[in-house]
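A.B. asks: Here's a structure for you.
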Amino acid sequence: MVVFLIAVVVIAVIVYLAILYFQRSYSEAISEEKNNVEKIANDSLEEKLAEISQLNLSGESLTEFETLDKGYHYLKNRELPELSELLNDLTDALHHYQYFRVSRELKSVQKKATGAQQHHNELKTKLAAIKESTKKHEDTLKQLQQKYQELRTTLLNKNFSFGPSIDKLEEKSADIEDDFSKYTEYFENGDFVSSEEPLNKLENDMTDLENAVEEIPPLFKNLNNVFPEQLSELKDGLKWMKDSHLAFNEDLNAKLEVIHKECLENEQNLAELDWLAAKELDEQIANEIDHIYEQIEIEYTAATKINAKLQEMGKFVEHARQQQNELNIELDRLGQNYTFNNDEEERAANLEKTLTDIKQRFEQLKQDKENEKDIHSSTSVAQLEKDQQSLVEIEEEQKQINESISGLWKEEKDAFDAIENFDTEIHRMKREIEKLNLPGLPEDYLSYFFKVSDEIENLDTAINKVKIDMSEITRSMINTQSDLDVLNNKTEEIKDSSMLAEQLLQYSNRYRNRYPEVEQAYQQALVQFKKEFNYVGSLDTISQAVDTVEPGSFKRISEQFESDKQALTL
């Protein structure tokens, strides 16, 4: 029983708390919506509607305003009272604990309240837009009227600055006045919606007129003042250049005719008020005139240099010509006795041809000047400068060829002396070998000796020819010198080994009777010496045998031999 009572109490408490929660929660939600409805009602648009109604709207603007006015009064007199009544009903239902009804209908009321708020905001925004549009149109009209008056003043006071464009500009001005009339009619009637199209046209026409008034005067000034003066000056300049026999690589008079036609074409562009095309053609004409001025300046500057260039070139050509003649004579003289190996004759022939071409161009230009023929000065000066550089290169090449051949006689003398030295050297080696009275010489030594001897004889024959090839002789001399050095080493080897072998053979006599191995080595070394002529082998055989019985003896004897040899040399 007690448990039952406790359960009943707990349930009662829970139900009570739930009632308190729903009561408070729904009460706050309903109060919030009531506040929102009150805020909308308090944010009255009546003043704005009254203010705009004084603007004397018409047409689409009036239709839009009436729609907004009806919408606002429907919101104020219908939507908001209905919301207030629904919220009051929900408050009564909440007091009677009709929570399910309150929960169900509160969401619908909140949605309607949100819609009412959005409707109010939309009405407020559109009314503000109408007012802003009205102010914008007023400001725009004032600005356009002021700008138009300024442009009209410019056209009246400076009509001489517009040349052939003035008629079209007046027509444009009349069109703008029509635009003003149409726009002002809509504006004064309060039909701001319908006035947008004539306003856009008026603004575009005003922009076109403003651009034309700004851009045309400098274009007309060029056509009327600048270009005619420049064309006249250029025409006189070209005549003077022609009378002075100065030519161009293009027909500049024909270009002047083209420019004159382009000026007439640009007058037509201005007459048609096509200032964009006129501006483009104006820039083209200016560039073409600048080009002619530039060509005249180039040719005139070149003409002032050409006489000095010709005088300088004449001396240069004459000097190079003289140098070439001397080189040709030297090549012819040396060519009778020497063979050239660096294409000197062909190189000289090429220089001769280049010099001939340069001189022909120089003489032709000089003759044209004397005969007062028309001369393209800049091209002529450029050619003279190019030929002058070629002459510098020619003289350098002449110098190189001359240096290449001028030393041939000295090379010949040096080679002749060197060949004589070769012959003296090989005869010295022969005498030194003969002094040794050797039983014979190794076959390889004799073969090498005769090979070197033949090389020296061939060199002697080559150096004594009527026409010699110093390059080939020099190459042969290098080889012969190398072979002679080898032969000298071979000769020294035979001399040293044979003399040492003889000394050791004599020295070995003290050991032959006591040491059979020394006797055997002695006999072998003797055969190598007297029959095989292998003096190095003979020395090796006997020196090893003696060193065996008397260690260090060969070193002692050979050192003494070298010492005696050095003493004789000194």
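The values are calculated or read from the model by the stated rules, or taken from the named source; none is laboratory data. Computed from a predicted structure; not experimentally measured. Glycine gets a Cβ as well: all are built from the backbone with ideal geometry, and neighbour counts include every protein chain shown. Accessible surface areas use protein heavy atoms only, side chains included; no ligands, DNA or RNA. Shrake-Rupley method; radii C 1.70, N 1.55, O 1.52, S 1.80 Å.
For every residue, the table says whether it meets (1) modelled with pLDDT of 80 or more; (2) over 38 Å from the mean Cα position of the chain (by Cα).
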| site | (1), (2) |
| --- | --- |
| Asp290 | yes, no |
| Glu294 | yes, no |
| Thr301 | no, no |
| Ala308 | no, yes |
| Gly314 | no, yes |
| His319 | yes, yes |
| Leu331 | no, yes |
| Thr339 | no, yes |
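A.B. asks: Right, something else. Being touching a Phe, Trp or Tyr at 6+ places or on another chain (Cβ under 7 Å) and within 27 Å of Leu441 (Cβ to Cβ) is the requirement here; does Phe529 meet it? Steps first, answer last, please.
C.D. replies: Details: touching a Phe, Trp or Tyr at 6+ places or on another chain (Cβ under 7 Å): yes; within 27 Å of Leu441 (Cβ to Cβ): yes.
In short, yes.
A.B. asks: Which of (1) touching a Phe, Trp or Tyr at 6+ places or on another chain (Cβ under 6 Å); (2) crowded, with 19+ Cβ neighbours inside 10 Å; (3) in contact (Cβ under 8 Å) with a residue 40 or more places away in the chain is the odd one out, the single condition Lys490 does not satisfy?
C.D. replies: (2)
A.B. asks: Within the range 501-517, can one find any residue that is at positive phi, exposed (fewer than 14 other Cβ atoms within 10 Å of the Cβ) and free of Cβ contacts under 8 Å to residues at least 24 places away in the same chain? Before the answer, list the steps.
C.D. replies: At the first step, the residues of the range 501-517 found to be at positive phi are none.
No: the range 501-517 contains no residue that is at positive phi, exposed (fewer than 14 other Cβ atoms within 10 Å of the Cβ) and free of Cβ contacts under 8 Å to residues at least 24 places away in the same chain.
A.B. asks: Exactly one of these conditions fails for Glu229: (1) touching a residue at least 24 places away in the same chain (Cβ under 8 Å); (2) farther than 26 Å from Asn211 by Cα. Give me its number.
C.D. replies: Failing condition for Glu229: (1).
A.B. asks: Same structure, new question: Go through (1) closer than 30 Å to Asp454 by Cα; (2) open to solvent by 70 Å² or more (accessible area, probe 1.4 Å) and name the single condition Lys386 misses.
C.D. replies: Going through (1) closer than 30 Å to Asp454 by Cα; (2) open to solvent by 70 Å² or more (accessible area, probe 1.4 Å) one by one, Lys386 breaks only (1).
A.B. asks: Please go through the range 236-259 and give me each residue that is modelled with pLDDT of 85 or more, loosely packed, with under 15 Cβ neighbours inside 10 Å and not hydrophobic (A, V, I, L, M, F, W, C), ordered by number.
C.D. replies: Glu257
A.B. asks: Taking the range 349-381 on its own, how many of its residues are open to solvent by 30 Å² or more (accessible area, probe 1.4 Å), modelled with pLDDT under 80 and β-branched (Val, Ile, Thr)?
C.D. replies: 1
A.B. asks: Given (1) at pLDDT below 95; (2) surrounded by fewer than 16 Cβ atoms within 10 Å (Cβ to Cβ), identify the lone condition not met by Gln520.
C.D. replies: Only one criterion in (1) at pLDDT below 95; (2) surrounded by fewer than 16 Cβ atoms within 10 Å (Cβ to Cβ) is unmet by Gln520, namely (1).
A.B. asks: Given (1) closer than 30 Å to Val549 by Cβ; (2) small (Gly, Ala, Ser); (3) touching a strand residue (DSSP E or B) at 6+ places or on another chain (Cβ under 9 Å), where does Ala462 come up short, assuming only one miss?
C.D. replies: (1)
A.B. asks: Can I ask one more? Looking only at the range 221-233, which residues are more than 15 Å from Glu283 (Cβ to Cβ) and either touching a Gly at 6+ places or on another chain (Cβ under 9 Å) or not polar (S, T, N, Q) (or both)?
C.D. replies: Hits for the range 221-233 are Asn224, Pro228, Glu229, Leu231, Glu233.
A.B. asks: Now for a separate question. If you take the residues of the range 538-570 that are part of a loop (DSSP other than H, G, I, E, B) and not aliphatic (A, V, I, L, M), which of them is most open to solvent (accessible area, probe 1.4 Å)?
C.D. replies: Out of the qualifying residues, it is Pro551.
A.B. asks: For the range 488-499, which residues satisfy the criterion of being over 16 Å from Gln523 (Cα atoms) and touching a Leu at 6+ places or on another chain (Cβ under 8 Å)?
C.D. replies: Going residue by residue through the range 488-499, those that are over 16 Å from Gln523 (Cα atoms) are 488-497, 499.
Answer for the range 488-499, where residues must be over 16 Å from Gln523 (Cα atoms) and touching a Leu at 6+ places or on another chain (Cβ under 8 Å): Ile494, Lys495, Ser497, Met499.
A.B. asks: Please enumerate the residues belonging to the range 273-285 that are surrounded by fewer than 14 Cβ atoms within 10 Å (Cβ to Cβ) and touching a residue at least 12 places away in the same chain (Cβ under 8 Å).
C.D. replies: Gln284
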